[in-house]
Amino acid sequence: MAAQKSLSLRVNSTLADRRLWLDPQPLRQVLTNLIGNAVKFTHQGSVTVTAQTQRVDDKQVELIIEVSDTGPGIPVDQQSRLFTPFSQTETGRAQSGSGLGLAISKELLSQMGGTLELQSEPGQGTTFTLALAAASQRGRVQRATEAPAQPDALAQRLAILIADDHPTNRLLLKEQLHALGQRADEASDGTQALAALQQRHYDLLITDINMPEMDGIALTRALRAAGQPLVIWGLTASAQEQEQQRCLAAGMNACLFKPLSLSQLHAMLAALALPDKAVLNVEKLSRLTMNNRALMQNALEDAQRENRRDLSSAQAAAERGDWVAVRHHLHRLNGTAQLLGAVRLHDLAARLEQDLVDNKNSQGMLANLRRMEELLDELDNEAQRIVSDGD
C-alpha cells in the first residue's frame, strides 16, 4: 500500500546484534496495526519505524519501537478516546475499520507488561511509541528454516481453574488451554476462586497476582493454610526477580510472565501431567473374585455402599472437627480401595489420611471429600461398564 501511495517506508534498527526473548505473535499483531494505520492515514511523505533497546540490567533490556508518520495528525481533544474500543477520530471515520485495532494493541502490550504512547499534533504527523521489557543477549539470531510446529493437544485431562479479574485475559488463556485439549473454569477474583476450590477438586490453579478483593498472593496463602495441595501458577506482568520470590514464598509452584505463549503453556502442562491411572484394577478384582462376574458385581455393590457410608460419616466428622472419626473413616475407605484396586480412590484416601498428621482444616478436608465423592461416582460408572461387558 505504501508503494501504491508513493510513500517512503523507512526502517531504522539497532537490533541486529541482539537476541531478544519475547512472544513474537502479539508484538507482530501490534506492529502490523500501527504500521498499517500509519500508511492508511498518510497521503504524502513517509512512515518511519525505529527500533532500539535501552539497558535495564545485565540480562534485560527495554525494547523501544517508534512508528512515525507525516500524516494529518490527531487533535488533542480526540486523542484521549483513541484507545477506547469502537472509538475513532474524525480522520478514522473517513476510513473503513471497526475502531478496535488500537484498543487491542494497547491491551496486548499491557498483558506483556509493556506500554503504548501517542504524540501527535494536527498537521505535524503522529508517533506511536511502544516500550516492552525483554530478556536479552548479544549475538546474531539464526534465521529459522521452518516455522515451529503447533503444539499437539495433551492426552492428560486436568481440572484447571483460572483466576483473573480481566475477562479478556481469562478468555485468551481459556482458548489456549482449549487448543491444548483442556477445559477450564473461571473466577474473577481470589474470593470467587476460593469458593470454587471449596466446591470441587482442581489439579491446577492459574491465578493473576494483582486482583481486587483477594489477590493471587493472598489466595495462595489461604489455600496453603487450608492444606490445599493443588499446583498453583502465578501470572504477572512484572519481570522483576523480587516478584517471583514473593510468589514462591507465598506457596506458588511457579511464577510466570504474561502473556504465556502456546508452546510455553504446552511445555508447562506436559511437565505437570499426572500419571493416567485406571479407575479400577479389573485384573486384580477378577483374581479376587475368581473371575466370577456375579461375585464381582456383588463385591462392588457392597463395597460402594460401605464407601458411601464412610464418606458421609467422614464429611459429618470434618464439619464438627472430630479428626479421630475422620481418620477412622478415611482408613476404612483406603482399605476398601486397596482391596478393590480402585487406584485413584486409594491415592486420595491415603494422602488425606497422611495429611491429618500435620494439618487439620475443615474447609480443606471437605473440599477433598467432595473430590472423593466424584471418584466414587466414577467407580460406580466403571463397575456398571464391567458388568455390562460381561453380559
Kindly indicate whether Asp69 is charged (D, E, K, R), surrounded by 17 or more Cβ atoms within 10 Å (Cβ to Cβ), under 30 Å from Asp208 (Cα atoms) and at pLDDT 70 or above. no
Taking the stretch 326-357 and the residues there that are of a type in the set (Asp, Glu) and surrounded by 17 or more Cβ atoms within 10 Å (Cβ to Cβ), the one that is nearest to Glu373 (Cα to Cα) would be Glu353
Selection within the stretch 178-201 - surrounded by fewer than 22 Cβ atoms within 10 Å (Cβ to Cβ) and either in contact (Cβ under 8 Å) with a residue 60 or more places away in the chain or of a type in the set (Ser, Thr, Tyr) (or both): Ala179, Leu180, Gln182, Ser188, Thr191, Gln198, Gln199, Arg200, His201
Check the stretch 95-116 and report whether any residue there is modelled with pLDDT of 75 or more and either part of a strand (DSSP E or B) or more than 31 Å from the chain's Cα centre (by Cα) (or both). yes
Keeping to the stretch 360-387, report how many residues are polar (S, T, N, Q) and either not in a helix (DSSP H, G or I) or not assigned by TED's automatic domain parsing to the domain that holds Ser312 (or both). 1
Within the stretch 173-195, tally of residues that are within 12 Å of the chain's Cα centre (by Cα) and assigned to a loop (DSSP other than H, G, I, E, B): 3
For residues that are on the phi > 0 side of the Ramachandran plot and at pLDDT below 85, scanning just the stretch 243-300, find the one that is nearest to the chain's Cα centre (by Cα). Asn291
Just one listed residue, out of Ile35, Ile64, Ile74, is in a loop (DSSP other than H, G, I, E, B) and either aliphatic (A, V, I, L, M) or modelled with pLDDT of 85 or more (or both), and it is Ile74
Based on this model, can you work out whether Arg344 counts as farther than 14 Å from Asn281 by Cα and either polar (S, T, N, Q) or assigned by TED's automatic domain parsing to the domain that holds Arg287 (or both)? no
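The values are calculated or read from the model by the stated rules, or taken from the named source; none is laboratory data. Because the structure is predicted, anything quoted here is derived from the model rather than measured. Every residue, glycine as well, gets a Cβ built from its backbone with ideal geometry; the counts of neighbours run over all protein chains shown.
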